[in-house]
Every structure is written in C-alpha cells, then in structure tokens.
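S.K.: After the structure tokens below, expect a handful of questions from me.
Since every read-out is calculated from the coordinates, none of them should be taken as a lab result. Computed from a predicted structure; not experimentally measured. Cβ coordinates were reconstructed from backbone atoms using ideal geometry, including for glycine residues, and neighbour counts include every protein chain displayed.
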Amino acid sequence: MEDNVLLQVSHLRTQFETKEGIIPAVDDISFTVERGQVLGIVGESGCGKSVTSMSILKLIEKYNGRILAGSSVKLEGRELLGLSEAEMCNIRGREIAMIFQDPMTSLNPVFTIERQMVETIVRHKKIGRKAAHSTAVEWLAKVGIPEPEKRIKEYPHQLSGGMRQRVIIAIALSCDPKLLIADEPTTALDVTIQAQILDLLRKLKDEVNAAIILITHDMGVVAEMADHILVMYAGRALEYGTKQQIFRNPRHPYTKGLLASIPRMDRQEERLFSIEGNVPNLLKPVEGCVFRERCGYAREACGSCRPELLSLPDESRVSCLLYEKEAKESAHE
Ligand code: SF4
C-alpha cells in the first residue's frame, strides 16, 4: 500500500434484507482516500453514499444491513471489518469522526455542550477533565463560537442550527481524527451559513491534517471542497476522477446529466435540465448497466453485461461501455 493512502475501500458490498427482498445498497465499490485529501461522494438520495460511510464505520448492522464477505475497509493498512464492536468504538470518534446533516442526531439534548465535549475528549484522548475542558473551549473558539467559556455551559437547544453544527465540527476535530466523514453537513442550514461551515471545514482539516469524505447530493458543494470525486448511482460507482476531470471533462452520461442540471448564472434557461426517468428498483436484479433505462447513449450491449470501472489514460475511471476502446488503448500503452 502506498504510504499516503489513509483509507482503502475494496469491493465493498452492503445489502439490506427487507420483507420485500434483498436490496444491494452498495454493490462492489472501491476507492482510496489519501491523507489530507477531500473525496466528494455524490449522487441522488438512495444511491448508496450514506450506506458506504456507515459501512466504513461498521454502523450498518444497527440498520439491519449486512456487509458481504469479500468486502474490505482498511485504515492505514488495518482491516476494520473484522474488528470487534469494542475495537470499533475506539476507532469511531478517535480515528474516524463523523458529522451528520442534522446536528441534533449527534448532540444529546439533555446534556450541556461542556459535558458532551469533555466526555468525548477524555475518552478518546485519555487526558484529565481539566485539560479536556481547556481543549473543548479552544475548539469552540476555533470553530467561531463567540464567548466559548459561556456557551459551553449551554444546552443544544439554546444554540442556532449553524452554531450546533459548529459544535459538532469542534467535537469531531477535537480528538485529532485521521479521517472525517461529513454526510450532507450543510444541507439543513441556510445558504450563508452553509458557505461559512464549508469554509470552516476547509481551514480546520488542514490544521489537523485530516482527510475528509464529503457526502452530498450537491455538485456545488463538491466543486467548492473536493479534490477527487466519486459519482455513485443505484449502489454502484459510475465515475471517479479529480475535481477538474469531473467538471471539465465528465465522461459518464449520468455525470454529464448531473452537471447539466446545475443552474447557470451566465445562461438564460427557461427550464432546468433534468435526467428523465427514475432510479431502478433495486429489489429487482439489474441486468447490464444500472443507468441504461435513463441513458441517451444506451445500446444493445448495455443490457447484457455490467460495465466494469475502466481506467482511462488520464487515470480517471468510468463505468460505461462507450469508453472500452479508450481504456483498452491506455492499457496497452
Ligand atoms: Fe449508457 Fe451504456 Fe454507458 Fe450505461 S454502459 S451509461 S447504458 S452507454
């Protein structure tokens, strides 16, 4: 494994058993995250991006999910999927921290911010309560909470939504995690606060040298934040590349559709573009390409074989039969 690789996810497959049948929510996803890198995982809701992050943290069983044999999630070369719940408790919060869309799901409404921060810091950093209190106040100041000594005594409901998300960021980063998973961290906030929170995440990740997996449905957010982007659809990876590759030269018809549906200030459009059709019902086995029903380039072969994630000459990857020739040529170079 290359030294700079922090997280390596290989052939991750997670499914849910429901009364109606089995849903393959994440179907053979592989990617790496390097130290200090921001990987944006984008796609419509239900595409498997949040299930991917819950699988990395081994939280999926709580939601009746199952990670299938053959899947692998390595943090600094250490396999996480075989670890016990007690071992994972030490990894969660300490080595991998998480920020959710709604801060109230992470904050306990009956405890003060002080109690929640100090307990987390004591548990993960193995320091005394006094030192943990100082660290907590320091982090509240860093995330822009005014009068942190006073606000730390408050309960979550006494803070605004934006302030609560700042507290969550402070808790997440105060234990110096190696990886931060931020799942739609700004979706519940209004636009000006969104920009402030993204700015804060960008600055603070450099301070603790953490990598970020940023999960979002919003291409504008990944354009702001990500170094690399993974596009997911119906549980599968359709395209992976640097931000420049994805925005300047998108290959997959789905990625092209996502980008075309972003409103543009420099054009007068009567109606915004939208990708026609619906995401396939994953309760029924999907033959061939998962995007076939909505793809304007679909041909007969697309219905019979599942496209691999092909490596292209510029090191981006795409799961589409249209690029087979280009991928073959680059393999022979
Ligand atoms: Fe479209 Fe076929 Fe490519 Fe799938 S493999 S995205 S159906 S062209």
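S.K.: Per residue of region 73-85, what does 6.51 cos²θ - 1.76 cosθ + 1.60 with θ = phi - 60° give for ³J(HN,Hα)? Whole Hz please, x for Gly and Pro, Karplus curve as stated.
M.R.: 9, 10, 10, 6, x, 9, 5, 8, 5, x, 6, 6, 4
S.K.: How far, in nm, would the chain grow between Glu149 and Thr112 when pulled straight, counting 0.36 nm per residue and subtracting the alpha carbon separation?
M.R.: 12.1 nm
S.K.: Label 7 Å along Cα→Cβ of Ala260; region 287-303 residues with amide nitrogen under 15 Å?
M.R.: So the set is 292-298.
S.K.: Can you list the residues, at least 5 places off or on another chain, whose amide H is less than 5 Å from the amide H of Leu230, using H built in the peptide plane?
M.R.: Gly40, Ile41, Val42
S.K.: Around Ala86, what is the net charge, scoring Lys/Arg as +1 and Asp/Glu as -1 over all other residues with Cβ under 12 Å from its Cβ?
M.R.: Working: positive: Lys58, Arg92; negative: Glu85, Glu87.
Once all neighbours under 12 Å are counted, the net charge is 0.
S.K.: Give me the extension gain from Asp3 to Tyr297: residue separation times 0.36 nm, minus the current Cα-Cα distance, reported in nm with one decimal.
M.R.: 101.8 nm
S.K.: For Thr135, what charge total do you get from the other residues with a beta carbon under 15 Å from its beta carbon, if Lys and Arg give +1 and Asp and Glu give -1?
M.R.: +2
S.K.: Obtain the nm distance between the two label points defined at Ser10 and Lys203 by a simple spin-label model: each point lies 7 Å from its Cα along the Cα-to-C-beta direction.
M.R.: A separation of 4.0 nm, rounded to one decimal place.
S.K.: Name the shape class, rounded, prolate or oblate, that the alpha-carbon gyration tensor gives for region 65-140, where a ≥ b ≥ c are the square roots of its eigenvalues, rounded holds for a/c under 1.5, and otherwise prolate holds if a/b is larger than b/c and oblate otherwise. Please list the in-between numbers first.
M.R.: On the way: a/c = 2.79, a/b = 1.78, b/c = 1.57.
Taking the square roots of the gyration eigenvalues as a ≥ b ≥ c, region 65-140 is prolate.
S.K.: Whole Å is fine, so just give me how far the alpha carbon centre of region 87-133 lies from that of region 14-58.
M.R.: Centre-to-centre (Cα) distance: 24 Å.
S.K.: Quick one: which residues, 5 or more positions from Gly48 or on another chain, have an amide H under 5 Å from its amide H? H modelled 1.01 Å from N in the peptide plane, none for Pro or chain starts.
M.R.: Under 5 Å from the amide H of Gly48: Gly235.
S.K.: Figure the gain on full extension for Ser330 and Phe273 (residue separation times 0.36 nm, minus the Cα-Cα span) and round it to one decimal in nm. Please report the intermediate quantities before stating the final value.
M.R.: Working: separation 57, 0.36 × 57 = 20.52 nm, distance 3.32 nm.
My answer for the length gained is 17.2 nm.
S.K.: Short version: ³J(HN,Hα) in whole Hz for each residue of region 166-176, in order, from phi by Karplus 6.51 cos²θ - 1.76 cosθ + 1.60 (θ = phi - 60°), x for Gly and Pro, what are they?
M.R.: Karplus values, whole Hz, x for Gly and Pro: 5, 4, 4, 5, 4, 5, 4, 8, 5, 9, 6.
S.K.: Related question: Please label the shape of region 147-194 as rounded, prolate or oblate, based on the square roots a ≥ b ≥ c of the eigenvalues of the alpha-carbon gyration tensor (a/c under 1.5 means rounded; beyond that, a/b larger than b/c means prolate, else oblate).
M.R.: Because a/c hits 1.5 or more and a/b fails to exceed b/c, region 147-194 counts as oblate.
S.K.: Rounded, prolate or oblate: which one fits region 36-88, using the alpha carbon gyration tensor with axes a ≥ b ≥ c (rounded when a/c is under 1.5, else prolate when a/b beats b/c, else oblate)?
M.R.: Numbers: a/c = 2.02, a/b = 1.22, b/c = 1.66.
Oblate is the answer for region 36-88, as a/c is 1.5 or above yet b/c matches or exceeds a/b.
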